[in-house]
Amino acid sequence: MKTIYSLFLLIITSVTSLITYADSTVTAEKDKVLIIMSSYSSKPKSALLEQLAKDKPFQLISLKGKGKVKSDEEIKQQWANAKLIMLDGINPTLSDFMFKKYEPYLAEFPSIPVISLGDLSNKKTNQGLTTTQQMLLGEYYNNAGRNNYSNMMSFIGEKILNKNQTLQIAPPQIVPSTGLYHKDFPTKLTNNEAAFFNWLSPNKNTPVIAIGIHRNIVDYEQQDVVHALIQGLEKKGAKAFGFYFDDAAKTDDSYTDLLIDDQGNSRANLLINYRSLHYVEKRRGEFEKIGVPVLHALNYTSGNEEAFNKDHAGISPSMTPFFLVMPEDTGSADPTMIAANEKGNKVVMKAQLNALVERAYNHASLAITPNKNKKSLLLYGTTLPVKKILVPLS
């Protein structure tokens, strides 16, 4: 009996080992798709892509700038073993700067499809895909977001690698390069101002606050700080939403058109800028056109909240021109740190964010408060002690 039992255990163990070996072999034999990220690509972006590729019939290998590979030779080896190469640049200029050195690889491995996602028209860095495949891959990737990325992974697995022409995959969802955002709006992002403000439904007795954001915080699901800011303002009784724009986009759309109604009045009583500000003169002209105060929100990039509390400056001297001087020249005021850096992610600093919410709400409320109910604080100094006077406005 012991002999039979031992034989039974041996058979079970052998079968289990064979199954485990078969599973590992299948995993090892998955086709490899290589994506080479530019140094401007964010950690949350690559994390989302890798997450959505996990259950697909290929292995997504992400090489992020300088961090994951030690040499061009290692990249070449990965390249030679891949079934598809994707080069992630945000525009033609950056793509040329980052990926020009790989152009000889296309000639050396002509059978491997390559797509330059930031420069689809460059024949030196694109090969092996049909016009339709290239167009759809570009649209999935550059319109971003979970749905587009998920469908892109299915498209790669079924339409490019497996050549499955019968499976139906949802087409790319085209996202406007300039638009409005709220997490509860049906499409989240839109450039349909009439539909958006009908949904938001502000009234004349409610302060309205618009927050300037980068669209990629929505694309890569990193909008926690913006959500906290909007929710804080809404709890105070305001209507709040985000707006975004892309200076590099070839479009005539302007975010000022979305924030100004047909009568030429601003739809918001206050703006909070929570994005990098370039093109100072252009931004200043836009803010003047909208004609409402602009507060400035910032991230602390040198560490977590504990490090921020110990920091005497908050912004390093080398970054002062970009985060203080340039925004101030656009008309932005009262810069406030509202988030810190925690292992590569932006994390809300509650006390700081709440302080900004209070100031923004009170400031925006002035626009809808009758002058007879307002009070102005006047501080003036002489050789005598400073005096404080509350002056009613009429």
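The values are calculated or read from the model by the stated rules, or taken from the named source; none is laboratory data. Given the structure is predicted, the values throughout are model-derived calculations rather than measurements. Cβ atoms come from the backbone with ideal geometry, glycine included; neighbour counts cover every protein chain shown.
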### Query
What number goes with the only condition from (1) surrounded by 16 or more Cβ atoms within 10 Å (Cβ to Cβ); (2) touching a residue at least 24 places away in the same chain (Cβ under 8 Å) that residue 324 does not pass?
(2)
### Query
Just to be sure, is residue 218 under 30 Å from residue 84 (Cα atoms) and either touching a Phe, Trp or Tyr at 6+ places or on another chain (Cβ under 9 Å) or assigned to a helix (DSSP H, G or I) (or both)?
yes
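Here is a check on your reading of the model: is residue 144 buried (at least 16 other Cβ atoms within 10 Å of the Cβ) and touching a helix residue (DSSP H, G or I) at 6+ places or on another chain (Cβ under 7 Å)? Spell out the reasoning first.
Values: buried (at least 16 other Cβ atoms within 10 Å of the Cβ): yes; touching a helix residue (DSSP H, G or I) at 6+ places or on another chain (Cβ under 7 Å): yes.
Considered against the rule, which asks whether it is buried (at least 16 other Cβ atoms within 10 Å of the Cβ) and touching a helix residue (DSSP H, G or I) at 6+ places or on another chain (Cβ under 7 Å), residue 144 comes out as yes.
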### Query
Can you tell me which residues in segment 259-315 are assigned to a loop (DSSP other than H, G, I, E, B) and among the charged types (D, E, K, R)?
261, 262, 267, 275, 311
### Summary
Considering residues that are closer than 19 Å to residue 175 by Cα and among the basic types (Lys, Arg), the number found within segment 193-245 is 1
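Could you please give the count of residues in segment 80-91 that are more than 25 Å from residue 58 (Cα to Cα) and at pLDDT 90 or above?
Residues of segment 80-91 that are more than 25 Å from residue 58 (Cα to Cα), as a first pass: 91.
In the following step, the residues that additionally are at pLDDT 90 or above were identified as none.
Qualifying residue count for the region: 0.
Confirm whether residue 259 is of a type in the set (A, V, I, L, M, F, W, C), buried (at least 18 other Cβ atoms within 10 Å of the Cβ) and touching a helix residue (DSSP H, G or I) at 6+ places or on another chain (Cβ under 6 Å).
Working: of a type in the set (A, V, I, L, M, F, W, C): yes; buried (at least 18 other Cβ atoms within 10 Å of the Cβ): yes; touching a helix residue (DSSP H, G or I) at 6+ places or on another chain (Cβ under 6 Å): yes.
Considered against the rule, which asks whether it is of a type in the set (A, V, I, L, M, F, W, C), buried (at least 18 other Cβ atoms within 10 Å of the Cβ) and touching a helix residue (DSSP H, G or I) at 6+ places or on another chain (Cβ under 6 Å), residue 259 comes out as yes.
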### Task
Please indicate, with yes or no, whether at least one residue in segment 61-74 is exposed (fewer than 12 other Cβ atoms within 10 Å of the Cβ), under 20 Å from residue 345 (Cβ atoms) and modelled with pLDDT of 55 or more.
no
### Residue check for residue 105: within 28 Å of residue 245 (Cβ to Cβ) and of a type in the set (Phe, Trp, Tyr)
no
#### Entry: Members of segment 115-165 found to be in contact with a Ser or Thr (Cβ under 8 Å, 6 or more places away or on another chain) and over 21 Å from residue 217 (Cα atoms), listed by number
116, 119, 122, 125, 126, 128
### Message
I'd like to check something: does segment 242-261 contain any residue that is touching a Pro at 6+ places or on another chain (Cβ under 9 Å), modelled with pLDDT of 95 or more and aliphatic (A, V, I, L, M)?
### Response
no
### Task
Filter segment 110-124 down to residues that are of a type in the set (Ser, Thr, Tyr) and at pLDDT 95 or above and give me whichever is nearest to residue 248 (Cα to Cα).
116
### Message
If I filter segment 219-227 for residues that are hydrophobic (A, V, I, L, M, F, W, C) and either in contact with a Leu (Cβ under 6 Å, 6 or more places away or on another chain) or more than 18 Å from residue 338 (Cα to Cα) (or both), do I get at least one hit?
### Response
no
### Task
Read through the list (1) part of a helix (DSSP H, G or I); (2) at pLDDT below 95; (3) surrounded by fewer than 18 Cβ atoms within 10 Å (Cβ to Cβ), then give the number of the only condition that residue 135 fails.
(2)
